[in-house]
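Here is the structure we will look at, set down as structure tokens.
The values are calculated or read from the model by the stated rules, or taken from the named source; none is laboratory data. Note that the structure is a prediction, hence the values are computed from the model and not measured. Counting neighbours? That spans all protein chains shown, and the Cβs are built from the backbone with ideal geometry, glycine included.
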Amino acid sequence: MDKITKFLLKLSEKERGYILEIMNKILSMDLDWLDIKKLQWEKDLFRVRKWKIRIIFKVIWSNWKIIDINYRDKIYK
């Protein structure tokens, strides 16, 4: 089991459903209503912020790949 799945299983049903919806929006490239910011330390790395949860994703050849999901205080370490 990868770390993204482990993190999602720790969330409540409501939080998990909302985060999965955000992940589907990222993968379908529907980014209009999301709080997205480009991260400074890497060229094609972005983050989405919702509550205390951060979703890090990367653009690879016009495709979006989710790299990591975790809480704010653990994601950037």
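Conditions tested, residue by residue: (1) outside any helix (DSSP H, G or I); (2) hydroxyl-bearing (Ser, Thr, Tyr); (3) out of contact with any helix residue (DSSP H, G or I) (no Cβ under 8 Å at 6 or more places or on another chain).
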residue: Phe7; (1), (2), (3): no, no, yes
residue: Arg16; (1), (2), (3): no, no, no
residue: Ile19; (1), (2), (3): no, no, no
residue: Asn24; (1), (2), (3): no, no, yes
residue: Lys37; (1), (2), (3): yes, no, yes
residue: Lys43; (1), (2), (3): yes, no, yes
residue: Phe46; (1), (2), (3): yes, no, yes
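Give the residues of the range 26-35 that are in a loop (DSSP other than H, G, I, E, B) and in contact (Cβ under 8 Å) with a residue 12 or more places away in the chain, sorted by residue number. Step through it out loud before you land on a result.
Within the range 26-35, the subset in a loop (DSSP other than H, G, I, E, B) is 28-35.
Selection gives Met29, Leu34, Asp35.
Once the range 39-56 is narrowed to residues that are farther than 17 Å from Tyr18 by Cα and surrounded by 11 or more Cβ atoms within 10 Å (Cβ to Cβ), the residue that is modelled with the lowest pLDDT is Glu42. Considering the range 12-24, and only residues there that are farther than 11 Å from Ile66 by Cβ, without any contact (Cβ under 8 Å) to a residue 12 or more places away in the chain and of a type outside the set (Gly, Ala, Ser), the residue that is surrounded by the most Cβ atoms within 10 Å (Cβ to Cβ) turns out to be Arg16. Among residues belonging to the range 56-70 that are of a type outside the set (Val, Ile, Thr) and in contact with a Phe, Trp or Tyr (Cβ under 9 Å, 6 or more places away or on another chain), point out the one that is farthest from Phe46 (Cα to Cα). The selected residue is Asn70.
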